[in-house]
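In what follows, a structure is listed as structure tokens, so that the remarks can point back to it.
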Amino acid sequence: MKFSDVITAAAALIVINTVVTILLLAAFTSVPTVGWNVAPWVSIFVSSLIGGYIFALKIQEESRTKSISSIALWFSFATLFAVEALFANPLVNPYVKENLSNTFSTSGWTNYNWVVGMGMVVVFNVVFAFVLGFIGLYAGSMLRKPKKT
């Protein structure tokens, strides 16, 4: 796969992921805690599955794992910026802080501990975006058979 194909596939995944996330968040609105936590992960997998199917012929041109790794890497890199932009929203930080407080005993945390905790959330999101993106792209590319020559 050429570099331009990888960037195009990653950009398509970002667009597909945005649309699927919005649809899933709208569907899970009645279940706020579970829906807001599950929808992004499901949407990453579903959008990667769709992207893998769409770009299967390009992915199958060369080494499948190398092509999929490149796309998943660029997609997770874009996820890094998306998560950081989301954390820049002043309404999101209290939500994440509340989730961390419910998960861990945070009564003695300093500001440094909160920065590290937020950083862990960012790393968690990026790693899972890569892993779920890789799995979805691989499965999606397997769904479409190569053309007979």
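Which residue, of Ala26, Ala10, is in contact (Cβ under 8 Å) with a residue 24 or more places away in the chain, among the aliphatic types (A, V, I, L, M) and assigned to a helix (DSSP H, G or I)?
Details: Ala26 fails: in contact (Cβ under 8 Å) with a residue 24 or more places away in the chain.
From the options Ala26, Ala10, the qualifying one is Ala10.
Is it fair to say Val122 is touching a Gly at 6+ places or on another chain (Cβ under 9 Å), β-branched (Val, Ile, Thr) and closer than 15 Å to Pro40 by Cα? Steps first, answer last, please.
Working: touching a Gly at 6+ places or on another chain (Cβ under 9 Å): no; β-branched (Val, Ile, Thr): yes; closer than 15 Å to Pro40 by Cα: yes.
So Val122 does not fit the description; no.
Look at Pro94 and say whether it is closer than 24 Å to Phe28 by Cα, outside any helix (DSSP H, G or I) and at pLDDT below 95. Before you say what the answer is, go through the steps one by one.
Values: closer than 24 Å to Phe28 by Cα: yes; outside any helix (DSSP H, G or I): no; at pLDDT below 95: yes.
Answer is no for this residue.
Let me confirm something: among Val126, Val131, which residue is in contact with a Ser or Thr (Cβ under 6 Å, 6 or more places away or on another chain) and more than 21 Å from Lys58 (Cβ to Cβ)?
Details: Val131 fails: in contact with a Ser or Thr (Cβ under 6 Å, 6 or more places away or on another chain).
From the options Val126, Val131, the qualifying one is Val126.
Considering only residues that are surrounded by 15 or more Cβ atoms within 10 Å (Cβ to Cβ) and over 21 Å from Val46 (Cβ atoms), look in the stretch 1-18 and name the one that is farthest from the chain's Cα centre (by Cα).
Met1
Among the residues of the stretch 67-83, are any assigned to a loop (DSSP other than H, G, I, E, B) and either at pLDDT below 90 or surrounded by fewer than 17 Cβ atoms within 10 Å (Cβ to Cβ) (or both)? Before you say what the answer is, go through the steps one by one.
Restricting attention to the stretch 67-83, the residues satisfying the condition of being assigned to a loop (DSSP other than H, G, I, E, B) are none.
Within the stretch 67-83 (the criterion being assigned to a loop (DSSP other than H, G, I, E, B) and either at pLDDT below 90 or surrounded by fewer than 17 Cβ atoms within 10 Å (Cβ to Cβ) (or both)), the answer is no, since none of the residues qualifies.
Output the qualifying pairs, or none if there are none: Cβ atoms under 6 angstrom, residues six or more apart or on different chains, first residue in the stretch 48-77 and closer than 15 Å to Ile14 by Cα and in contact (Cβ under 8 Å) with a residue 60 or more places away in the chain, second residue small (Gly, Ala, Ser) and surrounded by fewer than 19 Cβ atoms within 10 Å (Cβ to Cβ).
Once the first residue is closer than 15 Å to Ile14 by Cα and in contact (Cβ under 8 Å) with a residue 60 or more places away in the chain and sits in the stretch 48-77, its partners that are small (Gly, Ala, Ser) and surrounded by fewer than 19 Cβ atoms within 10 Å (Cβ to Cβ) give Leu49/Ala139; Gly51/Ala12.
Report every pair of residues separated by at least 6 positions or lying on different chains whose Cβ atoms are under 6 Å apart, first residue within the stretch 104-132 and polar (S, T, N, Q), second part of a helix (DSSP H, G or I) and surrounded by 12 or more Cβ atoms within 10 Å (Cβ to Cβ).
Hits for this filter: Asn125/Val83.
For the stretch 111-149, enumerate the residues that are β-branched (Val, Ile, Thr) and assigned to a helix (DSSP H, G or I).
Scanning the stretch 111-149 gives Val115, Val116, Val121, Val122, Val123, Val126, Val127, Val131, Ile135.
The values are calculated or read from the model by the stated rules, or taken from the named source; none is laboratory data. All values derive from a computational prediction rather than experimental measurement. As a convention, Cβ positions derive from the backbone with ideal geometry for all residues, glycine included, and neighbour counts pool all protein chains shown.
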